[in-house]
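Step one of this worksheet: look at the structure below.
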Amino acid sequence: MTGKTIKWHKIIRSAKLGNLTDQDIDFLNAYGLKYDVDFRSPEEKSQAPDRIPEQTKYLFIPVFSTDETQNSKQTDRLQRKMENDPTSGRQQMQRAYQDIITNPHSQKAYRKFFDVLLENDHPDSTLLFHCTAGKDRTGMGAVFFLSALGVNEDTIKADYLLTNKVTKPALDDLVKTLKLKNASSAFIQSMRDLQSVQISFYNTAMDQIQKVSGDMPNYLHEYLSLSDSDIRDLQHIYLE
């Protein structure tokens, strides 16, 4: 992708949209938001339905049938484990990233995502994609998308890790609240891992890709069913 950049006003990576104000919706309407791709589970969707402009096409494409990233809430079993094991949050995230790569349901979801990306070919239309926190299911969606465009891996990693800068204030507030509630240090560490992104999570996904297909281009072709023509069309739509 030497010398090229992604076009402005074509794609937005986001967290959940259930708390948008009327002013936010007016902004997205003026911005040209045409597609809203929702990667959340059915339960997450029902808890906080998206608020979007009337003309925006809503596409519900759950990556998991339940929230494996545990960003919406933690199961009782995981919470009990987190009280005593500071690695439990990290282990949960690593399992989720493995599933993103190897679960056929997840693969089909990301293929549908690419179908919408290819449909977003009008010069004045914008696509937004999100999950609950906008960091794992959405973060890997961005990794797949940027890889298909031919973006170098250092830039892809930097984009993936950008989440931590954006979410730091909220995570700091969460940690303060947990300390006030006398949460264990193990629990707090696990919550930090659940509510952030780490290069080890990214590497877990890349290791799985290498195991199943050798490298990212092969994975995009073999498991997400992207053809050479699809790749060319994506680059035409999103690069300048």
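Can you find even one residue in the stretch 200-210 that is more than 26 Å from HIS105 (Cα to Cα) and either surrounded by 14 or more Cβ atoms within 10 Å (Cβ to Cβ) or of a type in the set (D, E, K, R) (or both)? No, every residue in the stretch 200-210 fails to be more than 26 Å from HIS105 (Cα to Cα) and either surrounded by 14 or more Cβ atoms within 10 Å (Cβ to Cβ) or of a type in the set (D, E, K, R) (or both).
Conditions (1) free of Cβ contacts under 8 Å to residues at least 60 places away in the same chain; (2) part of a helix (DSSP H, G or I); (3) under 21 Å from GLN94 (Cβ atoms), marked per residue:
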{"position": "ALA148", "(1), (2), (3)": "no, yes, no"}
{"position": "ASP154", "(1), (2), (3)": "yes, yes, no"}
{"position": "THR163", "(1), (2), (3)": "yes, yes, yes"}
{"position": "ASP173", "(1), (2), (3)": "yes, yes, no"}
{"position": "LYS179", "(1), (2), (3)": "yes, yes, no"}
{"position": "ALA186", "(1), (2), (3)": "no, yes, yes"}
{"position": "SER190", "(1), (2), (3)": "no, yes, yes"}
{"position": "TYR219", "(1), (2), (3)": "no, yes, yes"}
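Please report, ordered by residue number, the helices (runs of 4 or more DSSP H) entirely within the stretch 1-114 with at least 2 residues that are touching an Asp or Glu at 6+ places or on another chain (Cβ under 6 Å). In the stretch 1-114, the matching helices (runs of 4 or more DSSP H) lie at 88-102. Of the residues making up the stretch 154-174, those that are surrounded by 15 or more Cβ atoms within 10 Å (Cβ to Cβ), β-branched (Val, Ile, Thr) and in contact with a helix residue (DSSP H, G or I) (Cβ under 8 Å, 6 or more places away or on another chain) are ILE156, THR163.
A quick yes/no check of all residues on (1) surrounded by 18 or more Cβ atoms within 10 Å (Cβ to Cβ); (2) under 15 Å from ILE12 (Cα atoms):
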site: LEU33; (1), (2): yes, yes
site: VAL37; (1), (2): yes, yes
site: SER41; (1), (2): yes, no
site: ALA48; (1), (2): no, no
site: ARG51; (1), (2): no, no
site: GLN79; (1), (2): no, no
site: SER88; (1), (2): yes, no
site: THR102; (1), (2): no, no
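Filtering the stretch 115-146 to residues that are under 30 Å from LEU174 (Cα atoms), outside any helix (DSSP H, G or I) and not β-branched (Val, Ile, Thr) leaves LEU128, PHE129, HIS130, CYS131, ALA133, GLY134, LYS135, ASP136.
Every read-out reported here was derived from the displayed coordinates using simple, explicitly stated rules and does not represent laboratory data. What you are looking at is a predicted structure, and each value in this text was computed from that prediction instead of being measured. Quick reminder, even Gly has a Cβ in these numbers, built from the backbone with ideal geometry, and neighbours come from all protein chains shown.
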